[in-house]
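Engineer: Quick one: the structure is below, questions incoming.
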Amino acid sequence: MEEKRVQNEAQSQNRELTQKEREEAYRQHVEQTTPKYSLTVRMAKAFITGGIICVIGQCILNYATNRMGIDKETAGSWCSMILVLTSVILTGFNLYPKCVEWGGAGALVPITGFANSVASAAIEYQKEGQVFGIGCKIFTIAGPVILYGIFTSWVLGVIYWGAKCLGLG
């Protein structure tokens, strides 16, 4: 009887050792596969990426106001539209996600990051159709307020343009 108890205790210790060895092996595996990031490097990359986007925006503004003679407010609208369009095109060619991967929040925070999130959802779900794929997922990602705001501003812009052409505005 005593022999069995000693034998059971030895087996129990072996199981514990095996469990501890497994836990240690798992911890080492997690440590090896988890990417290691330097906060300073990530912040520098975000600063550089966001700065480049802002410099591009400023160049568009300067070109529109100085070279084309457009007033500052209209130039700002054109700048926003060009940055959004560029972001959507780069998202379509799968280049903007690579920029986000490298630059992190520096690429996600500006208006280009918002355009990327809307375009990527539309691209991802386009196979489900125009309404249930693209339309629903844009609502899910961007929110109805933003989509309605864009659509309403477009409609009001067309009405304003039509009124101006007719001499009413």
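Read-outs: derived from the displayed coordinates by stated rules, not from any lab. What you see is a predicted model; the values in this text were computed from it and never measured. In this analysis, Cβ positions are derived from the backbone assuming ideal geometry, glycine residues included, and neighbour counts consider all displayed protein chains.
Engineer: With the dipole of segment 39-124 worked out from charges on the C-beta (+1 for Lys and Arg, -1 for Asp and Glu) around the Cα centre, which of M81, N94, A115 lies farthest toward the positive end?
Structural biologist: N94
Engineer: To the nearest 20 debye, what is the magnitude of the charge dipole of segment 39-124 about its Cα centre, counting +1 on the Cβ of each Lys and Arg and -1 on the Cβ of each Asp and Glu? Numbers along the way, then the final one.
Structural biologist: Values: 5 positive and 4 negative charges, 48 e Å.
About 220 debye.
Engineer: Sticking with this one: Quick one: which of 54-64, 106-116, 33-43 comes out on top by average Cβ neighbours within 10 Å, and what's the full order, highest first? Let's see the in-between values first.
Structural biologist: Details: 54-64: 14.6, 106-116: 20.1, 33-43: 8.5.
Packing order, densest peptide first, comes out as 106-116, 54-64, 33-43.
Engineer: How big is the shadow of the Cα convex hull of segment 14-71, averaged over all directions, in nm²? Walk me through the intermediate numbers first.
Structural biologist: Numbers: hull surface 25.1 nm².
One quarter of the hull surface, i.e. the mean projection, equals 6.3 nm².
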